[in-house]
2 protein chains.
Amino acid sequence: MNFFMPTKVIMMEDCVLKNSALLKNYGQRALIVTGAKSAKSNGSLEDMIQALIVQDIKYDIFDKVMANPSVNCVYEGADFARERKSDFVIGIGGGSPMDAAKAIAILAVQEIKEEELFLGSYGNQVLPLVLIPTTAGTGSEVTQYSILTNVQSQTKTSISTPLIFPKLALLDAKYMKTLSMEITINTAVDALSHAIEGMLSIRASDMSNNLAIYSLKKLVYCLRFLSPDYSSSSLTIDIREKLLYGSMLAGMVIAHTGTTAVHAMGYSLTYFKNIDHGRANGLLLPSFLRFIMKSDQELIKKILSIMGLETIDEFETLFLRLLGEREGITEKDLERFAGIAINSKSLTNTKVVPTKEELIQIFSRSLQIN
Amino acid sequence: MNFFMPTKVIMMEDCVLKNSALLKNYGQRALIVTGAKSAKSNGSLEDMIQALIVQDIKYDIFDKVMANPSVNCVYEGADFARERKSDFVIGIGGGSPMDAAKAIAILAVQEIKEEELFLGSYGNQVLPLVLIPTTAGTGSEVTQYSILTNVQSQTKTSISTPLIFPKLALLDAKYMKTLSMEITINTAVDALSHAIEGMLSIRASDMSNNLAIYSLKKLVYCLRFLSPDYSSSSLTIDIREKLLYGSMLAGMVIAHTGTTAVHAMGYSLTYFKNIDHGRANGLLLPSFLRFIMKSDQELIKKILSIMGLETIDEFETLFLRLLGEREGITEKDLERFAGIAINSKSLTNTKVVPTKEELIQIFSRSLQIN
């Protein structure tokens, strides 16, 4: 059993303003990394700027992070950090800005060539990281991963190093009030996938399973309030908090177990079909669990039981209700996506490793074939 | 909700030898802090020395830590660390050597006067700490506390600072094989007390309660194998591991919640009556839970239910079976002990704070009055 979770996590209303004094520990000049819009409209950027002003910490803003951030984007952010002599990096947003912030925190102080970025060999220097999630899905605020879009390998690839565990994660569900139902569902499904995949990982331990079960119980409780047919304004702050808490716990799970074939497969759907990351995982999960069930019925039954479900059909119905109509892909896509997934690191992290043929089968059962 | 647990925990057979490479991260010269005997006889010291030799790390040994280590002892250890220019500190043993190692790690690099040692104001410097527990009770391997015997205040007092969270905790149940049944019971009861007190603390959170429940389930499972009437050789390595795991989890609990009035009261029994620390807590717990039950029946019922118990009488029976005949104290002791406990920091950390009269009542119900 291994446990390592060095990130200090504070979750409460107004935690950014109330814990501004902690920011002083990380330096005199901050680089805020965020996207173009959401941090401005949900109040998180404003809170952080106020916290920095109160503490008399200078700051610069790099707000050019797009969804599924590219390698170019993080090199640009790192150049900006060097130019401004940033002491630490504050990432605000969903997975994309947080993951970009993590890569920038390394690249600002280490010279790493683009072709070596994903090879896993890094020096010891990194700028301290403070992360503020504004969606409840990625769990990136408590992981050592930065997932970037890698044009070379035509998929998403991860930087994985304990260096980029954030020093501090500040979780305030009020920033999620304005999220649409669609984003709320997709991110919740991503978190569910993390918790479930943690239990499917060869690195699952008693400890990570405890966190996964705890996370699943929080998330599953919230599912009854999520539906494409409901308005997102029907979601109370209490539900938003449970989702945020559950997704953070699921982040702690994958920090220990990594993700599995589900994520490896989902990346193709996002890269080539522009299907949202969480949604992609959610579309694949039911058929993937059916695949595992053939070899390890007990494990799948355990997961279903934690979720309060009896059969895998119920699991599929639940996910289809959340995700609506499945996207279509072609026979040629199937072959290509399976060919990419079969080479992914995450694949061999799964308790039962699918063959290429099995990957094709899972893809084809998870989507509509045109 | 706050979560902070920066210690890397590795639990497996032969983890000291198998993870020797990690020690390189902390420096070139180690100070091993331990007691006079047990680390030598249970194999832990030998394993560590071998690990250090493999990594070509020099080491010195300070093996003068007694049970309930004194302030003098840790100043002596710190002088030794300065003299030997130790880069990091390795504590091996039960709570006493581990707690001494923590204090030494600070005092070796900070000038702190004895009268200021417990005032809570420290600089930023500390030697990195590696801890190897050889009993399953204290949980000190994952806490920010160092409990020392304080002659001035006639009790045990704690240094509490995030500085002394160990960098690394290495847990190998094989070092517990030779522990007597009496020590096994007393330490297990200490761990149980940590998990339960975590739930009685005003700082209890959803997260710490999850850890407490997880810990209690592990520990309670083992209780059926513990009895003063059984031989300790009847305990399998699997049971030893569960106890060690449960006590580590309980340490994570109190790292977040602190301890409560039970520990505050127990310290007098240890200081004046030489009653083992874990045993002292165990003697007090049944009457303390009865006291809380008057104000918060639901909380106590929850704890009992997690333990698979229905009534507080069953709880008391269980503890008496483990602990055997209670020690005697005098009426004068009662008054004195309550007078000391009423001034303890831990007291006000309890959800229901007892008055001095109530403390006297709890003491008198927990011991035999001579």
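Taking the radius of gyration and the Kirkwood hydrodynamic radius from Cα positions alone, what is the Rg/Rh ratio for region B:264-341, to two decimal places? Can you show the working numbers first?
Numbers: Rg = 13.5 Å, Rh = 13.5 Å.
Answer for region B:264-341: 1.00.
Is there a quick way to get the dipole size of region A:294-370? I mean about its Cα centre, with the Cβ of Lys and Arg at +1 and of Asp and Glu at -1; what is the value in debye to the nearest 20?
Values: 11 positive and 13 negative charges, 60 e Å.
Computed charge dipole of region A:294-370: roughly 280 debye.
Give the span of region B:8-176's Cα atoms along each principal axis, as three whole-Å numbers ordered largest to smallest.
Answer, in whole Å and largest first: 42, 30, 26 Å.
Please build a GNM for chain A, connecting alpha carbons under 10 Å apart, and tell me which residue among A:Ser146, A:Ser96, A:Ser70 fluctuates the most.
Its mean-square fluctuation being the largest, the pick is A:Ser70.
Let me confirm one metric for peptide A:240-248, namely the mean number of other chain beta-carbon atoms within 10 Å of its residues' beta-carbons.
Values: counts 0, 1, 1, 0, 0, 3, 0, 0, 3.
Going residue by residue through A:240-248 and averaging, the value is 1.
For A:Thr330, go 7 angstrom from Cα along the Cα-to-Cβ vector, then report the distances to that same point in the other copies in nm, smallest first.
From this label point to the equivalent ones elsewhere in the assembly: 9.6 nm.
Cross-link partners among lysines for B:Lys177, C-alpha distance below 28 Å, same-chain residues fewer than 8 apart left out?
Here the lysines satisfying the reach criterion relative to B:Lys177 are B:Lys8, B:Lys18, B:Lys37, B:Lys40, B:Lys64, B:Lys102, B:Lys167, B:Lys217, B:Lys218, B:Lys242.
If each label sits 7 angstrom from Cα along the C-beta direction, how far apart, in nm, is A:Asn2 from its counterparts in the other copies?
2.9
Can you spot the lysines whose alpha carbon is less than 26 Å from A:Lys356's alpha carbon? Ignore those fewer than 8 places along the same chain.
A:Lys156, A:Lys273, A:Lys294, A:Lys301, A:Lys332, A:Lys345
In sequence order, what are the phi-derived ³J(HN,Hα) couplings for region A:251-263 according to the Karplus relation 6.51 cos²θ - 1.76 cosθ + 1.60 with θ = phi - 60°, rounded to whole Hz, with x for glycine and proline?
So the J values, rounded to whole Hz, are x, 4, 4, 5, 4, 9, 9, x, 9, 10, 3, 4, 5.
Could you please rank B:His277, B:His256, placing first whichever residue has the fewest other Cβ atoms within 10 Å of its Cβ? Numbers along the way, then the final one.
Details: B:His277 26, B:His256 22.
Ordered by Cβ neighbours within 10 Å, fewest first: B:His256, B:His277.
Taking K and R as +1 and D and E as -1, what net charge do the other residues with C-beta under 11 Å from the C-beta of A:Val16 add up to?
Working: positive: A:Lys18, A:Lys174; negative: A:Glu13, A:Asp14, A:Glu46, A:Asp47, A:Asp172.
That works out to -3.
Ordered by residue, what ³J(HN,Hα) values in Hz, to whole numbers, does region B:147-160 give under the Karplus form 6.51 cos²θ - 1.76 cosθ + 1.60, where θ = phi - 60° and Gly and Pro are x?
Going residue by residue, I get 9, 10, 7, 10, 5, 4, 9, 6, 7, 8, 10, 10, 8, 10 Hz, with x marking Gly and Pro.
Put one equal scatterer on each alpha carbon of chain A, apply the Debye formula with no solvent term, and list log10 I(q)/I(0) at q = 0.06, 0.11, 0.12 1/Å to two decimals.
-0.20, -0.70, -0.84
Chain B: which residue's Cβ hugs the B-to-A rotation axis most tightly, distance rounded to whole Å?
Residue and rounded Å distance to the axis: B:Pro6, 2.
Take every Cα pair under 8 Å in region B:159-300 that's 6+ residues apart, average their separations, divide by the length, and report that relative contact order as a whole percent. If you can, show how the numbers build up before the last one.
Values: 161 pairs, mean separation 46.3, N = 142.
It rounds to 33 percent for region B:159-300.
Non-local amide H neighbours of A:Ile329 (under 5 Å, H modeled in plane, Pro and chain starts lacking H): which ones?
A:Gln368, A:Ile369, A:Asn370
Quick one: compute a quarter of the convex hull surface over the Cα atoms of region B:190-334 and quote it in nm². Display every interim value, and only then the final one.
On the way: hull surface 35.5 nm².
The orientation-averaged projected area of the Cα hull of region B:190-334 comes to 8.9 nm².
For each of B:Met252, A:Met1, count neighbouring Cβ atoms within 10 Å of the residue's Cβ, then give the residues from fewest to most. Walk me through the numbers before you get to the answer.
Values: B:Met252 27, A:Met1 16.
Sorted ascending by nearby Cβ count, the order is A:Met1, B:Met252.
Mind pulling up the Rg/Rh value for the protein assembly as shown? Radius of gyration and Kirkwood radius, both on Cα. Each step should come with its number before you reach the end.
On the way: Rg = 26.8 Å, Rh = 27.2 Å.
That ratio is 0.98, to two decimals.
Shortest first and in nm to one decimal, what separations exist between A:Asn274 and its copies in the other chains, measuring from label points 7 Å along the Cα-to-beta-carbon line?
8.0
So what are the ³J(HN,Hα) numbers for region B:234-241, from phi and the Karplus equation (6.51, -1.76, 1.60; θ = phi - 60°), rounded to whole Hz, Gly and Pro as x?
6, 7, 6, 5, 5, 5, 4, 5
Once R0 is set to 51 Å, what does the formula 1/(1 + (r/R0)^6) return for the Cβ-Cβ distance between B:Thr236 and B:Lys351, expressed as a FRET efficiency to the nearest 0.05? Numbers along the way, then the final one.
Details: r = 37 Å, r/R0 = 0.72.
Once the sixth-power term is evaluated, E becomes 0.85.
How would you rank B:Glu316, A:Glu141, going from fewest to most other Cβ atoms within 10 Å of each one's own Cβ? Spell out each step's value before the answer.
Working: B:Glu316 18, A:Glu141 26.
Neighbour counts put them in this order, fewest first: B:Glu316, A:Glu141.
For chain A, what is the calculated [θ] at 222 nm in deg cm²/dmol (nearest 500), taking -39500 (n - 2.57) for each run of four or more DSSP H residues and dividing by its residue count?
Rounded to the nearest 500, it is -15500 deg cm²/dmol.
Evaluate peptide B:212-223: per residue, the Cβ atoms of other protein chains within 10 Å of its Cβ; return the mean as an integer. Each step should come with its number before you reach the end.
Numbers: counts 0, 2, 6, 0, 0, 1, 1, 0, 0, 0, 0, 0.
So the per-residue partner count for this stretch is 1.
Mind jotting down a quarter of the surface of the convex hull over the alpha carbons of region A:198-267, in square nanometres, one decimal?
Values: hull surface 21.4 nm².
The number I arrive at for region A:198-267 is 5.4 nm².
Every number here is computed from the coordinates shown, using simple stated rules; none is lab data. Note that this is a predicted model, so its numbers are computed, not measured. Cβ sites come from the backbone with ideal geometry, for glycine too, and all protein chains shown count toward neighbours.
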